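J.: Would you mind keeping the following structure in view while I ask a few things?
Computed from the coordinates by the stated procedures, all read-outs in this text should not be read as laboratory data. Model, not experiment: these values are computed from the prediction. Reconstructed Cβ throughout: ideal geometry from the backbone, glycine too, with neighbour counts over all protein chains shown.
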Amino acid sequence: MTIHWIGTGLSSVPGLRRLLAGGHEVTVWNRSTDKAEPLADDGARVARTAADAVVGADVVITMLFDTDAVAQTVKPV
């Protein structure tokens, strides 16, 4: 299963590492790239854009800070 995760703050990281350890293909994206990059060491693919983070996913999970973060991330196409 390919899981794409938007938002890699403190609440997300433990669950993401469990998914990766369980053999899932995980793509991550965060508005602050420096928060997503360490997950590459655990096997995650780090997307460069939010749009890239959802392409080809079986499941997309968002864990964003607040409505402003959602508004900045999700833009109509």
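J.: Tell me, what is the FRET efficiency for Gln72 and Arg18 to the nearest 0.05, using R0 = 35 angstrom and their Cβ-Cβ distance as r?
T.: E between Gln72 and Arg18, to the nearest 0.05, is 0.80.
J.: What order do you get for 5-12, 68-75, 25-32 when each peptide is scored by the mean count of other beta carbon atoms within 10 Å, highest first?
T.: In decreasing order of mean packing, 5-12, 68-75, 25-32 become 25-32, 5-12, 68-75.
J.: Give the whole-number value, in cubic angstrom per residue, of the convex hull volume spanned by the C-alpha atoms of the chain.
T.: Measuring per residue, one finds 80 Å³ for the Cα hull of the chain.
J.: Could you work out how much longer the chain between Thr33 and Val55 gets when fully extended? Use 0.36 nm per residue separation minus the Cα distance between them, nm to one decimal.
T.: 6.1 nm
J.: Quote the charge dipole size of the chain about the Cα centre in Debye, to the nearest 20; the model charges only the Cβ of Lys and Arg (+1) and of Asp and Glu (-1).
T.: Taking the Cα centre of the chain as origin, the dipole is about 40 debye.
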